[in-house]
1. How far apart, in nm, are the 7 Å Cα→Cβ label points at Lys93 and Ile63?
2. For an R0 of 30 angstrom, estimate the FRET efficiency from the Cβ-Cβ distance between Arg77 and Ala52 and round to the nearest 0.05.
3. Would you tally the net charge around Lys93, using a Cβ to Cβ cut-off of less than 15 Å, leaving Lys93 out, and scoring K and R as +1, D and E as -1?
4. Residues with beta-carbon under 13 Å from that of Glu82, excluding Glu82: net charge, scoring Lys, Arg +1 and Asp, Glu -1?
5. I want the local charge near Gly64. Using Cβ-Cβ distances under 11 Å, sum +1 for each Lys or Arg and -1 for each Asp or Glu among the other residues.
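No lab work stands behind these numbers, since they all come straight from the coordinates. Because the structure is a prediction, the values reported are computed rather than measured. Note: ideal-geometry Cβ built from the backbone for every residue, glycine included; neighbour counts use all protein chains shown.
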Amino acid sequence: MTNDSESGGGFGWGLLVGLALGFVAGAALASGPGREQMKTLRARTIELTGTARRVARDPDHPIGRAINDGIAAANRRRQELERTARDRWQERKDVAKEAQPDA
């Protein structure tokens, strides 16, 4: 039989060796193809950004139409809210004026 004090360190050493090997493998993989992947990803991101801008500006494209409809709806709602706020402000002014005692 093995003694507990003799077999207790196996897991710790295995963990350390595994971490070290994983670190070395990750560094080796990231130095070569990882940089190329970053260049590809950056180029693709720039390409997609340009495409999204073109689509958003095109009023005939469904996405462009949806964006324009959303902007128009937001403007209508803003005007409605401003009108409501103005009316309420005027009502409060009127109530306050009526509540003042005559001099």
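1. The modelled label-to-label distance comes out at 4.6 nm.
2. 0.75
3. Counting the neighbours of Lys93, the net charge comes to 0.
4. Once positives and negatives cancel, what remains is +4.
5. Every neighbour counted, the sum reads +1.
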